[in-house]
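Asker: Got a structure here, written out as structure tokens. Questions coming.
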């Protein structure tokens with residue numbers, strides 16, 4: 001669940017389209033990086049290091065909801081999480097898992113297209129059946145105004 005929070009936050013960051021940079025985001029990133037580094041210097045206090053990461057996730061999710069994160073902030077956010085990952089290696093492990101989903105990508109994309117067609121026909125039973133089938137096979141669908149995204153369970 002915790003790893004899903006991290007990857008979901010990064011997916012939200014990747015979906016940012018509003019222009020601009022925000023000094024408060026840069027300050028939050030610096031604070032998280034400092035807290036993370038201090039925790040790791042305290043006999044590898046990984047619990048405190050993870051807490052710093054999740055505090056940043058919380059702040060970023062709130063800022064994204066408020067519309068106060070822009071495309072100019074994304075590289076710094078990405079760099080911070082890559083720095084955390086160089087130490088802990090948890091995000092790269094998840095990316096490796098996601099590189100080989102339990103269902104072939106082509107099949108997932110076709111099922112998503114079939115589901116969208118069913119929704120346009122207002123055949124919600126068929127749409128729900130496709131979602132449930134993918135969920136049973138380890139794929140979660142997330143609908144948004146930008147379309148349907150999938151991720152590994």
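None of the figures in this text is laboratory data; all of them are computed from the coordinates on show. Computed from a prediction, not measured in an experiment: that's the story for all the values here. Using ideal geometry, Cβ is built from the backbone for each residue, glycine included, and neighbour counts are taken over all protein chains shown.
Asker: Sorted by mean Cβ packing within 10 Å, highest first, what order do the peptides 26-37, 102-113 take?
Answerer: Details: 26-37: 17.1, 102-113: 13.3.
Ranking the peptides 26-37, 102-113 by packing returns 26-37, 102-113.
Asker: Once the Cα atoms of helix 74-88 and of the chain are each reduced to a long axis, what angle between those two axes, in degrees from 0 to 90 to the nearest 10, is obtained?
Answerer: 80 degrees
Asker: Okay, next question. Could you line up 50, 134 from fewest to most neighbouring Cβ atoms inside 10 Å?
Answerer: Numbers: 50 17, 134 21.
Starting with the residue having the fewest Cβ neighbours, the order is 50, 134.
Asker: Starting from the alpha-carbon convex hull of the range 14-152, give the projected area averaged over all orientations, in nm². Let's see the in-between values first.
Answerer: Values: hull surface 39.7 nm².
Directional mean of the projected Cα hull area for the range 14-152 stands at 9.9 nm².
Asker: Once every DSSP H run of n ≥ 4 in the chain is given -39500 (n - 2.57) and the sum is divided by its residues, what mean residue ellipticity at 222 nm do you get, rounded to the nearest 500 deg cm²/dmol?
Answerer: On the way: 7 runs with 107 residues, N = 153.
After summing the helix terms and dividing by residue count, I get -23000 deg cm²/dmol.
Asker: Angle, helix 90-99 long axis vs. longest principal axis of the chain, Cα atoms, 0 to 90°, nearest 10?
Answerer: It is inclined by approximately 20 degrees.
Asker: Follow-up. Using only Cα atoms, find the angle between the long axis of helix 124-136 and the longest principal axis of the chain, and express it within 0 to 90 degrees, rounded to the nearest 10.
Answerer: The two axes meet at around 50 degrees.
Asker: Let's test this: bin the Cα-Cα distances of the range 11-58 at 10 Å from zero up to the farthest pair and state each bin's percent.
Answerer: 26, 44, 23, 7, 0
Asker: Quick check on the range 108-153: take the gyration tensor over C-alpha atoms, sort the square-rooted eigenvalues as a ≥ b ≥ c, and tell me if it's rounded (a/c under 1.5), prolate or oblate.
Answerer: Values: a/c = 1.99, a/b = 1.28, b/c = 1.55.
Oblate, since a/c reaches 1.5 and b/c is not below a/b.
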